[in-house]
Amino acid sequence: MTELTKSTSVAGDATAPAQAANAEAEPAVARVTQWGEIRHRFLANKLAVVGLGLVLLLFLTAAFAPLIAPQDPLAQDLNNTLQEPGNGHLLGTDALGRDQFSRIIYGTRIAVEIGLASIFLACLIGIVIGALAGYFGRATDSVLMRIADVFFAFPLLIGAIVIIIAMGRGVMPVIISLAVFSWPTVSRLLRSSILSVREADYVLAARALGADTRRIILRHIIPNSIAAVMAYAAFSVGGAIVAEASLSFLGVGVSPEVPEWGNMLAAAKDFMGVKDFLWTYPSIAIVLTVLGFVFVGDGLRDALDPKLR
Amino acid sequence: MTASSTTADVPRQRGGDSEAPVLEVRDLHVEFATREGVVKAVNGVNYSVSSGETLAVLGESGSGKSVTAQAIMGILDSPPGRVAKGEILFRGQDILKLPENERRKLRGPKMAMIFQDALSALNPVFSVGNQLGEMFRVHQGMSKKDAKVKAIELMDRVKIPAAKSRVDDYPHQFSGGMRQRIMIAMALALEPDLIIADEPTTALDVTVQAQVMDLLADLQREYNMGLILITHDLGVVADVADKIAVMYAGRIVEQAPVHELYKRPAHPYTRGLLDSIPRLDQKGQELYAIKGLPPNLLKAPSGCAFNPRCPKAQDICRTEMPPLLQVTEQDGTELAGRASACHFREEQLHG
Amino acid sequence: MGRYVIRRLGQMVVVLFGATVILFCCLFVLPGDPVGSLGGDKARDPAVVEALRERYGLNDPLPVQYGNFVKNLAQGDLGEDYTQRRPVTEVLAPKLTNTAELALAAIVLDILIGLLAGLIAALFRYSFWDVLITLLTTMAVGFPSFVIGMVLQKVFVVQFKWFPLISDGTMNSLILPAFTLAILDAALVARLMRGTMLEVLRADYVKTAVAKGLPRRTVLVKHVMRNSIIPVVTYLGISFGSLLGGALITEAIFNWDGIGLALVQAVQQQNNPIIIGVVSFGVAVFVLLNLLVDLLYAVLDPRIRLA
Amino acid sequence: MRGATSAKWVVGAVIVAMAATACSSNDAGSKDSAKGGTFRLGITEPTAIDPYNSQESEGALVTHNLFTGLYSATVDGKLKPELAESVQTSDDGKTWTFKIKQGTKFSNGEAVDAESFVRGWTRVVAKDSASDVAYPFAGINGYKELNGGNATTFAGVTAPDASTLKVELSEADFEFDKKTVHQAFSPVPKVAGAASNKAYNDAPIGNGPFKMEGSWQHNKSITLVRNDDYGLEKAKLAKVEISILNSANGSTLEYQGFQSGQFDWARMPTPQQPVAKAKYSPMKKWIEADTSGVNYLVAFNQTAPLNNPDARKAISYAIDREAIAKGVFQGMQKPATSVLPPSFADTYQDGVCSSCVKQDKEKAKQYAEKGGLKPGTVLDFGYNTGAGHEEWVQAVAQQLKDVLGLDVKLNGKPFKEALAQQQDKATGGIWRSAWGADYPTPDNFLYPLLDSGSINEDPATGKAAGDNRGRYNNPKFDELITKARGTKDPAARAAVYKEAEKLAVDEEQGLIPLWKRTQFRLAATDKFNNIQLDFFEDPNLAEISAK
């Protein structure tokens, strides 16, 4: 659909002669080499690699937060509240004298936890429902898709707030509320790709060769649909992290005492113009994280389906 | 009506200088810049076509035949494509030197193109009447209403039934054959001197192919236009073309009047093409196929580009590029309009 | 067409039914008494609580409450807000106008910025501007709206004082919130537009148009734009949901007195009629808008047959 | 779009304003009505401005200026007679007879007489009104019947003649007169009709120093103009323009508005207060006052682990109020050492809560041991979210962990959910809370927060519907409250209230005071004279005059 960078898109430019030359030099789609191919295309995309770097950095920071953070993110020091960056606190301290750098470092944990878990859950629900709808069709399909419509009709943040009203604040409610309103996209994606793949030549061929339906679904349809889901997932983890921070920012996300970026921003909002370091650094953390996932998502999508670029 | 007066005039004019070609392509080179390197799609093509004459350009996909046509029309994708060298003379004038705006004015009134796949070549979101009428509106400043009348006339002209009621239909509502007729109508709209038809029947059913081809040939005769027919289908060519240029890897490898070529090809590639046509009298025999694949234009083989696939390739074929040269009879008399780019053209012709 | 619309409207009713049921269930499981406290944080007198529960039918079982809700909704009545005891429709109407204003301004910006940027990037592919636009749009996707909003507020309100912090009813106070709300979608529209346009530019019918000798502008405006705009229209329909979500944040940052802010406050106050009003409105508009987009899609692209 | 519509609004408002000034300047003998200046301020949308349901400070601001009742309260909690010319109290403290000043009028010309009061009070208490401010009338005979819908008249409130208002109480209450400063005790004219009269709700006709100009523009504005026919001392300001701001950021908007000259009076967000003080204090534009309220921790007296005074004292001793006030509140809050506020000069006992005076880790640990608060004991610490308490509760929690080794579980909930949990019988631990006085009497703190009569437990569900949610229950304390109410002599009464406070707050630590209620305002003292913060934490509009 869209293009990201010059470097990746030039290949897609191959006009008549070059295309002909390349296409015929690599007959059909060699499915064996598909994953290698994808990796190759992904790694050729500079932004995707930068994104991968950012995401890896995020994961590593989350994993080794206790080693990286110089202080306990919860340790208060009421004699040193609202300290400007420097003086033993790299990024300053908040209203309770807690070390902001340590809080940002620990914030990666919540971001990773909620981002990954909610999208994983959404994909799980989405794949199952989408596969059922796409496979059974007819009544099952229309019932499942209407259900998906209902959830799809809630704007993500608004829907999430409704669920959190019922479940209360906290990590689990945030994960669930984000997943509950994200899965319809996945199931639509899966369903439509099942419907298109169902008639694809190699599936017809498999069917003609007498493969049974379940085998066709597991061996042919799902692996081919999963590509689209994966690109969506990578992209959406970033979105989920933004949504999660937004909820906290609005005061309905994880509990306020948890070191989490949205919470930090919410607490810093009133210090605008007085203590700006309180909101700038968590903002940077969020932006880098989200960009990482966006780049990876874009790169994956382009690598999985060069046509779409 | 203006239309009838012009149709009456023009052929006479054209008849007047039928000796001078409408279009002459000289040493045309076209390149594409890609990430992997420069693709030389057309490497020194020469050909010409006169009024009322049909030139068939033959070749596999990727041979540069379509690119040549696009270069003539001035619709190359550029970047990355560009004409690196050469001249395209339209009625004696090198149109590559014209400013874009002048050149644009040639397209439509003077030269027109018919594309292979009418479904994708027609804009899906506008009615056919709109797209046909656009020619008149843009080039002749006609009103919308008049343009529509002309569009209906044109559709009648290309034998689309119930033209009046279908003029507001969209391309996807027509059958393949009908769509191609609309393409033809659009090309003919302003009665150009030259029509380039890029595989006009490839996408059609065989039965429809003949109808469309006949229609095109009839109209060409009627308007006395020059026609460049690009195709990879030798069967189509035989009936309509006057002369043939065979292209391979961006070059013309053989040129000949149509029947000569069929009778006696002077290039092994042409031979291969001819042999791969299924024939009724050889039923039951294994079909001939040229082995191997067309060359990668990024790294064309040294020497003759066809050498890796050529059954008769010798050492010289792998080192030296054969130029396109006059072909002679065994007695040395020149064969009019015949040329071949093969080191062993004479052997091929006579052997 | 008529049948299609009727069928879609039917589906819409199903979706709305489902959505409001979910909404009711979520609000019903809450432990607090929705009329249990005053506007501030004081508990209400038990007698008053009882009187209000009676007045609002809160002692009825959930299905009965839901039935009443649907019955009233059919008459355009969303009930009474629990704090001020004014009709929800009356409370929300001016807020709705404000949000609509903001959303409309954002959509206009989306279209203007998005289309223009996408157009430039596609037309001058690989040029400096293309690279810049591609970079900016990619970055914009990574910037959450609250970060954008806070940065804009810090720079243009606090630092330069170009814009008022309090909405003073002029165009001036609309600019920053609208921009904040628009930026993400504008970037996505630009990316979409660029991609689609590159595809369209490569399409055979564009070649045909050039081969017909049409002036460049006619080719671009008529043949290219018209086709490129179709996916953008669809996207804008779907993006309305995220627009509403973004409005929550934007309104909170810029104190824009819209339904987003009303929702956030209503959640803190458990002012259920407002929550129900805002959420069902959001869902209804989203569903309706998508129907409209589908219809528009069919108008824009004659190949689409609605069935 | 916005520009167009609001321009229309502005133009409309200007025309209305011009018409208004034109009219009034034509009135006979009011030459100065065009003078006096306009006072501008921002508030958040009130619940109501009609006295039947006017409740929070914003509503009180408008209602108090539209209506004048029997008494008003001065900043320091003293009673100031308004329409009450004289009062007689029976010796049993149950019958109150007020003489109403004659000759004053509502702004529609209707006379204000005793009947207007009966009408107004009845209107608040009537069942159909479902008023949130009916409770101050609860001690009057016939309240139950009227409020429960079994009567249409208020039996205990009668007007024997136009100038006499007689009130009969069911229990002795020598401080009943103080309750009448609440705006719910306003007289209303006949046109007021029932509480459901929407026209009157949004444009009440009153007898106060100001009257409405147009109706309440919800979420936009309320405009007051001077009532030149006011029967008491007339206001000096010609006009008060009240902009209604978003409650989400009301204080930020007020502050910004003040800085840009749009407002003459403003609150500011807590984080900005130190900066604002430094800037405006030298300019004498800074108003700081300890008002009639207290921030405290509810301690659940009847549930483990805080079901004994020692445990509660341990908690209180463990908190370093000073450090939090300095560190978190940037010095803008002051520790409270009593429940009764310093604004009640007669009853204020600084340091009566001995555990509140200074953090004492040793004592905290001793009391904890005595009270069975072992390290590791789970202590629930609830608070309501979205109201700016998120930060400091964490500081308190940390201190409890550090000093006592308790396993403090912070539990933030939206207010109504929080309330439901506090009312639940099984709830233990502590809960953040605050109390502000409705009228200037110590009873208004001690009775609702600590008297067993305010537990109001629902026998079926065990829910405590009253404000004594910590369920402090001591018959001795209850006796003292009853005794105080029945003591006619103010000084003797104050002594009893002091005794009661010492018993409940110091000896038994029924609740845990944290901070005084300190309010900060910015006021345009360069343009106006005599600006003060009144008892209801609003500017004293009726007394302000332009320079």
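Nothing in this text is a laboratory measurement; each read-out follows from the coordinates by a stated rule. Computed from a prediction, not measured in an experiment: that's the story for all the values here. Positions of Cβ are generated from backbone atoms using ideal geometry, with glycine treated the same way; all protein chains shown enter the neighbour counts.
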Would you work out which of D:486, D:270, B:236 lies farthest towards the positive end of the dipole of the protein assembly as shown, given +1 charges on the beta-carbon of Lys and Arg and -1 on that of Asp and Glu, about the Cα centre?
B:236
Which residue, D:352, D:331, D:408, has the largest displacement toward the positive end of the dipole of the stretch D:289-518 when charges sit on each Cβ (Lys, Arg +1; Asp, Glu -1)?
D:408
What pairs in D:334/D:502; D:236/D:516; D:284/D:363; D:144/D:483; C:42/D:326 have C-alpha atoms more than 31 Å from each other?
D:236/D:516; D:284/D:363
List, in order, the whole-Hz ³J(HN,Hα) value for each residue of the stretch B:216-230 obtained from phi through the Karplus relation with A = 6.51, B = -1.76, C = 1.60 and θ = phi - 60°; use x for Gly and Pro.
4, 5, 4, 5, 4, 4, 4, 8, 6, 8, x, 9, 9, 10, 9
Model label zone, residue D:350; criterion: amide N under 15 Å from point 7 Å along Cα-to-beta-carbon; scope the stretch D:510-529
D:516
Averaged over A:232-241, how many beta carbons belonging to a partner chain fall within 10 Å of each residue's beta carbon?
1
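Set the Förster distance to 35 Å, then compute FRET efficiency between residue B:320 and residue B:259 from the Cβ-Cβ distance, nearest 0.05. Intermediate values should be presented prior to the final figure.
Details: r = 31 Å, r/R0 = 0.88.
About 0.70, to the nearest 0.05.
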Would you work out the Kirkwood radius for chain C? I mean one over the mean of 1/r across all pairs of different Cα atoms, in Å.
22.1 Å
Fraction in percent of alpha-carbon pairs per bin - 5 Å, the stretch D:45-134:
3, 12, 17, 23, 23, 16, 6, 1, 0
Largest-first ellipsoid semi-axes for the stretch D:289-518, taking √(5λ) over the Cα gyration tensor eigenvalues, angstrom
25, 20, 17
Cβ charges +1 (Lys, Arg) and -1 (Asp, Glu), total dipole of the stretch B:125-264, debye
340 debye
At 1.567 mPa s and 4 °C, plugging the Kirkwood radius over alpha-carbon pairs of chain B into Stokes-Einstein gives what diffusion coefficient in µm²/s?
61 µm²/s
Within chain B, helix-based [θ] at 222 nm, where runs of 4 or more DSSP H residues each add -39,500 (n - 2.57), nearest 500:
-10500 deg cm²/dmol
Across the stretch C:291-304, in residue order, what do the Karplus-derived ³J(HN,Hα) couplings come to in whole Hz, using 6.51 cos²θ - 1.76 cosθ + 1.60 with θ = phi - 60° and x for Gly and Pro?
5, 4, 4, 4, 5, 4, 4, 5, 6, 6, 10, x, 6, 6
Could you work out the local net charge near residue D:309, counting Lys and Arg as +1, Asp and Glu as -1, over the other residues with Cβ closer than 12 Å to its Cβ?
-1
Once phi for every residue in the stretch B:254-270 is put through the Karplus expression 6.51 cos²θ - 1.76 cosθ + 1.60 (θ = phi - 60°), the whole-Hz ³J(HN,Hα) values, with Gly and Pro written as x, are 7, 10, 6, x, 4, 6, 4, 4, 5, 5, 9, x, 10, 9, x, 5, 4
Round to the nearest 0.05 the FRET efficiency obtained for residue A:139 and residue B:169 when R0 = 30 Å and r is the Cβ-Cβ distance.
0.25
How high is the FRET efficiency between residue A:207 and residue A:35 when r is their beta carbon distance and R₀ equals 30 Å, given to the nearest 0.05?
0.75
Convex hull over the Cα atoms of the stretch A:135-202, averaged projected area in nm²?
5.5 nm²
Residue B:277-residue C:216 pseudo-label distance in nm [points 7 Å out on the Cα-to-Cβ vector]:
4.4 nm
Given a cut-off of under 8 Å on Cα pairs at least six residues apart, what relative contact order in percent is computed for chain D?
18 percent
Ranked from highest to lowest mean number of other Cβ atoms within 10 Å per residue, what is the order of the peptides B:194-206, B:231-243, D:487-499, C:2-14?
B:194-206, B:231-243, D:487-499, C:2-14
On average, how many beta carbons from a partner chain sit within 10 Å of the beta carbon of a residue in B:141-149?
0
Charge dipole of the stretch B:23-241 built from unit charges on the beta carbon (Lys, Arg +1; Asp, Glu -1), centred at mean Cα; most positive-end Cα among B:211, B:58, B:151 is B:151
Under unit Cβ charges (Lys, Arg +1; Asp, Glu -1), what dipole magnitude, rounded to 20 debye, does the stretch C:168-273 have relative to its Cα centre?
960 debye
Residue D:72 long-range amide H proximity, modeled H, under 5 Å:
D:80, D:82
Quote the Stokes-Einstein diffusion coefficient, in whole µm² s⁻¹, for chain D, based on the Kirkwood radius over alpha carbon pairs, a temperature of 10 °C and a viscosity of 1.306 mPa s.
64 µm²/s
Taking D:397-406, B:50-59 and ranking on average Cβ neighbours within 10 Å, highest first, one gets B:50-59, D:397-406
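Just tell me how shielded C:261-268 is by partners: mean number of partner chain Cβ atoms within 10 Å of each residue's Cβ, no decimals.
Taking the mean over all residues of the peptide, I get 6.
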Which far-off residues, 5 or more places away or on another chain, put their amide H under 5 Å from the one on residue D:85, with H placed in the peptide plane?
D:99, D:100, D:101
Enumerate the amide H contacts of residue D:245 below 5 Å, restricted to partners 5 or more residues apart or on another chain; note that Pro and chain-start residues carry no placed amide H.
D:43, D:44, D:45
Can you compute the label reach from residue D:91? Point 7 Å from Cα along the Cβ direction, backbone N cut-off under 13 Å, restricted to the stretch D:487-525.
D:488
Give, as a single signed number, the net charge of other residues whose beta carbon lies under 12 Å from the beta carbon of residue D:426, with Lys and Arg counted +1 and Asp and Glu -1.
+1
Sorted largest first, extent of the protein assembly as shown alpha carbons per principal axis (Å)
150, 76, 62
Using only alpha-carbon positions, what ratio does the radius of gyration of the stretch D:133-247 give when scaled by 2.2 N^0.38 Å?
1.28
Using alpha-carbon pairs under 8 Å, 6+ residues apart, how would you state the relative contact order of the stretch D:201-257 in percent?
27 percent
Ordered by packing density, taken as the mean number of other Cβ atoms within 10 Å over each peptide's residues, highest first, how do D:286-296, D:429-439, B:180-190 rank?
B:180-190, D:429-439, D:286-296
Simple SL model, points at 7 angstrom along Cα→Cβ for residue B:346 and residue D:334; separation in nm is 12.1 nm
Distance in nm between residue C:112 and residue C:296 label points, each 7 Å along Cα→Cβ, equals 1.8 nm
